[in-house]
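The values are calculated or read from the model by the stated rules, or taken from the named source; none is laboratory data. Note that the coordinates shown come from a computational prediction; the quantities given were computed from them, not determined experimentally. Neighbour counts are summed over all protein chains in view; Cβ atoms, including those assigned to glycine, are modelled from backbone coordinates with ideal geometry. Each accessible area value is taken on the protein alone, full model and side chains, heavy atoms only, with ligands, DNA and RNA left out. Shrake-Rupley method; radii C 1.70, N 1.55, O 1.52, S 1.80 Å.
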Amino acid sequence: MALLILMPNRDSSELEGALRRCEPQLDLRVWPQCGDPADIVFVVSWNHPPGELRRFPSLRAVASFGAGVDHMLGDHDFPCGVEVVRMIDDDLVRDMAEYVCCAVLSHRRSWLHYHDLARERRWRPSPYPRSSRVVVLGLGRLGRVAARRLHSFGLDVIGWSRSLKSIEGIKCIQGRPALESALAGADYVACLLPLTPETEGILDASLFACMKPGAYLINVGRGRHLIEADLLAALDQARLGGACLDVFVTEPLPADHPFWNHPRITITPHVASLTNQESVAAQILDSYRRAVEGRPLLNRVDLERGY
Ligand SMILES: NC(=O)c1ccc[n+]([C@@H]2O[C@H](COP(=O)([O-])OP(=O)(O)OC[C@H]3O[C@@H](n4cnc5c(N)ncnc54)[C@H](OP(=O)(O)O)[C@@H]3O)[C@@H](O)[C@H]2O)c1
């Protein structure tokens, strides 16, 4: 009844320590030192090599080390009947909402502009908009809380999801035509979608063409939601006013990437919402015990749907 950490190219020592502190008796293995493959009943995965999970005949469940599971979607040899859960908690949700609010509010109140002016000792007050509209793409665990927080600042918030939602204070919409009309009046667009075959490349020239000229884009979903060349073209043509990006097609962002020096792009290094190792350890152990005891798992993911 062993638990295996399978996270190639990632330092898992912090997670390992947290799991051992929570449950000293746990039979914990760290890939590639798996011992007898038949002992492994639960795997914590981040970018596991495709097909690797088939080596474990007793495997009952796999936990994604994070809120996203797109790293698993490419494994076409994923073993049948093995359940998938993801790690998400109140801190992750709160931190994401905080990041999205920071991105919108600091742009709305010209925070970086005044920072630059202050360095030059220039006193140049200018008015700020009386109202702003934000479209939030994705109303899942993260998106719906971010939408509510934005609304609590008095912003006009529209939320878009696959199935129609009902959230107090938020105008909820579904379908591409409704999205396109919402974008025409939006000052901010924040992407909190999961990366799936349907959402890959959604932030492209055709979407930017629907947006209000000068609108500001925030991407905290995944880098592959964005067609990076289309964003550069939209900024150069002043179709978009700016962008705040936390996720990129290639991470770390290569030193010669044109985003680095772009005056209207703000970059953060995939830190919108960071996994808390102690909280994740507790969630992993709960899922492990549930899997061992045959009880229903929490935060299950539908790999067919992709999220
Ligand atoms: N940058 C960071 O630090 C960071 C940290 C954590 C997570 N993330 C990213 O944030 C993503 C979202 O997380 P979450 O926990 O909120 O996800 P979630 O709970 O799975 O919710 C996903 C939302 O997206 C909607 N959606 C999915 N496919 C869609 C489509 N084709 N068209 C319209 N709406 C669609 C879903 O609609 P329905 O409700 O109708 O199903 C749902 O509202 C993660 O997948 C991850 O990539 C980033």
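Which residues, counting only those in region 209-256, are out of contact with any Phe, Trp or Tyr (no Cβ under 9 Å at 6 or more places or on another chain) and among the hydroxyl-bearing types (Ser, Thr, Tyr)?
Within region 209-256, just Thr250 meets the criteria.
Would you please name the residue that is farthest from Tyr288 (Cα to Cα), looking only at residues in region 71-100 that are β-branched (Val, Ile, Thr) and in a loop (DSSP other than H, G, I, E, B)?
Ile88
Which strands (runs of 3 or more DSSP E) sit wholly inside region 214-307 and have at least 2 residues that are β-branched (Val, Ile, Thr) and touching a residue at least 24 places away in the same chain (Cβ under 8 Å)?
Of the strands (runs of 3 or more DSSP E) lying wholly inside region 214-307, those with at least 2 residues that are β-branched (Val, Ile, Thr) and touching a residue at least 24 places away in the same chain (Cβ under 8 Å) span 265-267.
Looking at region 85-94, is at least one residue surrounded by fewer than 18 Cβ atoms within 10 Å (Cβ to Cβ) and either more than 13 Å from the ligand (Cβ to nearest atom) or at pLDDT 95 or above (or both)?
For region 85-94, residues surrounded by fewer than 18 Cβ atoms within 10 Å (Cβ to Cβ) and either more than 13 Å from the ligand (Cβ to nearest atom) or at pLDDT 95 or above (or both): present.
Which of (1) free of Cβ contacts under 8 Å to residues at least 60 places away in the same chain; (2) within 13 Å of the ligand (Cβ to nearest atom); (3) on the phi < 0 side of the Ramachandran plot; (4) open to solvent by less than 90 Å² (accessible area, probe 1.4 Å) is the odd one out, the single condition Gly175 does not satisfy?
All conditions pass for Gly175, except number (3).
Yes or no: region 277-288 includes at least one residue that is away from the ligand (no atom under 14 Å from the Cβ), open to solvent by less than 70 Å² (accessible area, probe 1.4 Å) and hydroxyl-bearing (Ser, Thr, Tyr).
Within region 277-288, one or more residues are away from the ligand (no atom under 14 Å from the Cβ), open to solvent by less than 70 Å² (accessible area, probe 1.4 Å) and hydroxyl-bearing (Ser, Thr, Tyr).
Keeping to region 54-67, report how many residues are buried (at least 19 other Cβ atoms within 10 Å of the Cβ) and in a loop (DSSP other than H, G, I, E, B).
Residues meeting the conditions: 5.
Given Gly154, Gly159, which one is in a strand (DSSP E or B) and either touching a residue at least 60 places away in the same chain (Cβ under 8 Å) or not β-branched (Val, Ile, Thr) (or both)? Before the answer, list the steps.
Numbers: Gly154 fails: in a strand (DSSP E or B).
Answer to the check: Gly159.
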